[in-house]
Ligand code: GCU
């Protein structure tokens, strides 16, 4: 007994030391008392009882709130967009896959941006379902395939990868293969479509480049208060990629996937574009799947301070003020209904608040029930690596903030229950 006490003390002091200087709450007993806005009661207090009321009233008002007050609105339509098949081959992955590389160009006000999508499709069937997801450092980082060009776009510096001048070099080829179980996907009949997110909008607090500036009026140098931050810009890029994918001819369903900040973008893409057949959030945390009102791990104030460009400016009024938010992230998740949704967490990723991510799936499930779909009914988190896989799915795995083979194995098994 004494020993237990001693080790508990030692553990607690180690935790205290591990806390960053400004302290974030990793203590469940310090989670404030909060009330979650009810999914099935409208802002004006009406009960929502049918699918139709959900879709026409409640879903619409929630979507609008997130659009204006959280992620920000896309200011206008594009003047034009186009796709160009840059390259195609039948012998990728030792002959297992076909590869296509497609340039997507978006045009507005005589300005253009172009980003490249890398696609691998399993051979064997004329069409295959694909996972569509952004990568963090360039398409060339997800594969050993020498035919994938190094991105020329701005990339974040990274000591481990030897990136010091915001430029990716040949040395960064294949540095992120462990996050993309491409062969597993192919062997199970799935393809992958991936894009470097920085080609759509470089991830820095500067709105002079990327997709935002296409829409500026003369003299404008950043989006307006209720307009899009970077997360909404990335989501928009995924939607335009979907415009290509749905017409490719060799692709059936598209499941949008994202890790961390890109998981936030995948969720917002799934919410705003119903063509995505399923949505996967891997460790998306604050502003993604995690409930904001718990203020556990990363908080609204913290994320808006470290990454002032991610959300609409209007979201900043909820800094240290989560209590007054008329929505929470379970409502974002509910916007996917009745489409399959998977939220995953990792034990050592407390920053992303695994419990808040789990609870969010539980509360969102109420809307799935309106459609006769099964969600996460449990109120307690499942054991580690004991996935719950219904139309709404959740798992927590061992390890850190990352995407692992374990994660992909679960996504693939689950996807097989609904993809064509
Ligand atoms: C930071 C940030 C998170 C984000 C993560 C990531 O940790 O605080 O909100 O999800 O970066 O994208 O890896």
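The values are calculated or read from the model by the stated rules, or taken from the named source; none is laboratory data. This is a predicted model, so every value here is computed, not measured. For neighbour counting, all protein chains shown are included, and Cβ atoms are generated from backbone atoms with ideal geometry for every residue, glycine included.
Does residue 282 qualify as being buried (at least 24 other Cβ atoms within 10 Å of the Cβ) and more than 18 Å from residue 71 (Cα to Cα)? It is true that residue 282 is buried (at least 24 other Cβ atoms within 10 Å of the Cβ) and more than 18 Å from residue 71 (Cα to Cα).
Is there a residue in the range 241-253 that is at pLDDT 95 or above, within 15 Å of the ligand (Cβ to nearest atom) and in a loop (DSSP other than H, G, I, E, B)?
Filtering the range 241-253 down to residues at pLDDT 95 or above leaves 241-253.
If we keep only those that are within 15 Å of the ligand (Cβ to nearest atom) too, we end up with none.
Looking for residues that are at pLDDT 95 or above, within 15 Å of the ligand (Cβ to nearest atom) and in a loop (DSSP other than H, G, I, E, B), one finds none in the range 241-253, hence no.
For residue 303, are the conditions met, namely being surrounded by fewer than 24 Cβ atoms within 10 Å (Cβ to Cβ) and within 15 Å of the ligand (Cβ to nearest atom)? In short, yes. Can we say residue 417 is over 21 Å from residue 347 (Cα atoms), away from the ligand (no atom under 16 Å from the Cβ), surrounded by fewer than 19 Cβ atoms within 10 Å (Cβ to Cβ) and modelled with pLDDT of 95 or more? Here the answer is yes, as residue 417 does meet what is asked.
Taking the range 153-171 as the search range and keeping residues that are part of a loop (DSSP other than H, G, I, E, B) and farther than 21 Å from residue 114 by Cα, which one is farthest from the ligand (Cβ to nearest atom)?
Applying the first criterion (part of a loop (DSSP other than H, G, I, E, B)) to the range 153-171 yields 153-157, 159-162, 164-169.
Next, from what is left, pick out any that are farther than 21 Å from residue 114 by Cα: 157, 159-162, 164-165.
Working: 157: 15, 159: 16, 160: 14, 161: 15, 162: 20, 164: 20, 165: 22 Å.
So, considering only residues that are part of a loop (DSSP other than H, G, I, E, B) and farther than 21 Å from residue 114 by Cα, the one farthest from the ligand (Cβ to nearest atom) is 165.
Within the range 264-288, the set of residues being within 7 Å of the ligand (Cβ to nearest atom) and outside any loop (DSSP other than H, G, I, E, B) comprises 264 only.
Within the range 289-300, can you find the residues that are outside any helix (DSSP H, G or I) and either closer than 30 Å to residue 123 by Cα or more than 12 Å from the ligand (Cβ to nearest atom) (or both)?
Of the range 289-300, the ones outside any helix (DSSP H, G or I) are 289-291, 295-299.
Matches in the range 289-300: 291, 295, 296.
With respect to residue 209, is the statement that it is surrounded by fewer than 17 Cβ atoms within 10 Å (Cβ to Cβ) and under 30 Å from residue 420 (Cα atoms) true? Against the criterion (surrounded by fewer than 17 Cβ atoms within 10 Å (Cβ to Cβ) and under 30 Å from residue 420 (Cα atoms)), residue 209 does not qualify. Each residue in the range 306-339 was checked for being within 12 Å of the ligand (Cβ to nearest atom) and surrounded by 15 or more Cβ atoms within 10 Å (Cβ to Cβ), and 3 of them qualify.
Please verify whether residue 392 is in contact (Cβ under 8 Å) with a residue 24 or more places away in the chain and surrounded by fewer than 17 Cβ atoms within 10 Å (Cβ to Cβ), treating the condition exactly as stated. Considered against the rule, which asks whether it is in contact (Cβ under 8 Å) with a residue 24 or more places away in the chain and surrounded by fewer than 17 Cβ atoms within 10 Å (Cβ to Cβ), residue 392 comes out as no.
To keep it simple, each residue is scored yes or no on (1) touching a residue at least 40 places away in the same chain (Cβ under 8 Å); (2) at negative phi.
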site	(1), (2)
248	yes, yes
251	yes, yes
258	yes, yes
263	no, yes
273	no, yes
277	yes, yes
284	yes, yes
288	yes, yes
295	yes, no
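Residues of the range 280-305 that are over 18 Å from residue 32 (Cβ atoms) and out of contact with any helix residue (DSSP H, G or I) (no Cβ under 7 Å at 6 or more places or on another chain): 305 alone. Here residue 38 meets the list (1) in contact (Cβ under 8 Å) with a residue 60 or more places away in the chain; (2) within 25 Å of residue 281 (Cα to Cα); (3) surrounded by fewer than 17 Cβ atoms within 10 Å (Cβ to Cβ) almost entirely, failing just condition (1).
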